[in-house]
Structures are given as C-alpha cells and as structure tokens.
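Single-structure report; data block below.
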Amino acid sequence: MIELAAKLADRVTLSVGADANRLQDAIALVRRSGQHQLSLGAYINAVAHPDIGRARELVRGRLSVYARFSTMDTQVMRSLPERDRAVAQNLRDHYDLQAHASSGAHHEAALTDDFVDRFGVVGPSERVAARLLDLARLGLDHFIIVGHGRNVSPEVLAESSRRFGHEVIPAVRAALAH
C-alpha cells in the first residue's frame, strides 16, 4: 500500500506508529518508488503531560486503534520485532469494538508502557517535542497528531491541547528553524 501511494500521490502520510525503525522502513519504501519530492508525514499518537503515566493513560484509547489497524495485515505482523508482535497480537485477540477508541477499555491492558512509549509519543512537553523533532529529522515534513481517547473529559482535553499548542509545537518549530 505504501509503495502504491508513493507512485500515485503527491503526499504520503504513514500510519505505522512513532517507532523510528518502523518509520525508517516505511520511508525507505516510499523513497524506493523514485518519488523523492513527495511530502512525507506520519500519524502520531501523542499526549503531553508532566506525569508520563497519566500521558500514557490518556493516549491508550486512540493508540489502541492505530496499533490494531496498523498491524492487522499478517505480513506486517510477521515483520514486527517479537516484543511488539506479542503486544499487537494480544491487542488484536482482545480488542472490544464496543469500546473502540475509548480510554479505559479492557483491551488497553494489552498495551505495555514500553509499547506505548515506542508506538506513541508521551510525557512532559520537552520529551514530546524532542521525540517529534527526532521523527521530523527522519525526513517527515508533517504530522497528524492523534491524542486522547474519545471519552476523555473536556477539561482534561482542553488542558492537554493547550499544553501541546503552547509548549510542544513552538519548541519543535523553533528547533527546526535552526
């Protein structure tokens, strides 16, 4: 699918998580198409919060959706490192469509902290900005940030969105400007 998009589109937005190795592999597929002038980006599950545990909790609902769908293909599943394959398989086996994209869904138990930290971008604003900057340096020129589960309270969503808009984005922009 990635190779086809690279041949036909003028922009490719990857949905393979925030693990640099997976992104580099996907970027290599795009580049092999010969279309080096493509705009290239990624969907990234990200939440900035001073408490990394709370950030993980907030992102798990949406991250479970992206992790599940980006690993549904058997060939993709086989290509994952063993530690991620086990998590993805557990998520696939226990995913509850009635709780799709919801924070607190029982299938979130499949998502280990290590997996969330690799597949997503979570933690204090400085950590999130540094991680996004590292991903941008892989050759990505845009991100679509996907944050909280669909049932997070409006107050929590507003505070986290404010933090992202006032702290993370300016830090990434400033670093990229240099």
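Checked against the criterion of being of a type outside the set (Lys, Arg), out of contact with any helix residue (DSSP H, G or I) (no Cβ under 8 Å at 6 or more places or on another chain) and under 17 Å from residue 143 (Cα atoms), the candidates 44, 2, 27 yield just one match: 27. Take the residues in the range 117-128 that are buried (at least 24 other Cβ atoms within 10 Å of the Cβ) and either among the aliphatic types (A, V, I, L, M) or part of a strand (DSSP E or B) (or both), then tell me which one is nearest to the chain's Cα centre (by Cα). Applying the filter and picking the extreme gives 121.
Taking residue 16 as the residue in question, decide whether it is at pLDDT below 85 and buried (at least 19 other Cβ atoms within 10 Å of the Cβ). When the stated conditions are applied, residue 16 does not pass them.
If you filter the range 129-178 down to residues that are buried (at least 17 other Cβ atoms within 10 Å of the Cβ) and in contact with a Lys or Arg (Cβ under 9 Å, 6 or more places away or on another chain), you find that the one that is modelled with the lowest pLDDT is 149.
Is it the case that the range 33-46 has a residue that's of a type in the set (A, V, I, L, M, F, W, C) and loosely packed, with under 12 Cβ neighbours inside 10 Å? Checked the range 33-46: no residue is of a type in the set (A, V, I, L, M, F, W, C) and loosely packed, with under 12 Cβ neighbours inside 10 Å. Of all residues in the range 46-78, those being outside any helix (DSSP H, G or I) and either in contact with a His (Cβ under 8 Å, 6 or more places away or on another chain) or modelled with pLDDT of 95 or more (or both) number 6.
Using the structure shown, decide if residue 25 is modelled with pLDDT of 95 or more and charged (D, E, K, R). Here the answer is no, as residue 25 does not meet what is asked. Scan the range 104-126 for residues that are modelled with pLDDT under 90 and either in contact with a Lys or Arg (Cβ under 7 Å, 6 or more places away or on another chain) or more than 23 Å from residue 19 (Cβ to Cβ) (or both) and jot them down. Residues satisfying the conditions are 104, 106, 108, 111.
Is it true that residue 75 is over 22 Å from residue 165 (Cβ atoms) and in contact with a helix residue (DSSP H, G or I) (Cβ under 7 Å, 6 or more places away or on another chain)? No.
Filtered by the rule that a residue be more than 14 Å from residue 70 (Cα to Cα) and assigned to a helix (DSSP H, G or I), the range 1-24 gives 3, 4, 5, 6, 7, 8, 20, 21, 24. Scan the range 85-103 for residues that are over 11 Å from residue 68 (Cβ atoms) and at pLDDT below 70 and jot them down. Across the range 85-103, the qualifying residues are 98, 99, 102.
The values are calculated or read from the model by the stated rules, or taken from the named source; none is laboratory data. Nothing here was measured: the structure is a model prediction, and the numbers come from that model. A quick note on method: Cβ atoms are made from the backbone with ideal geometry, for glycine too, and the neighbour counts reach across all protein chains shown.
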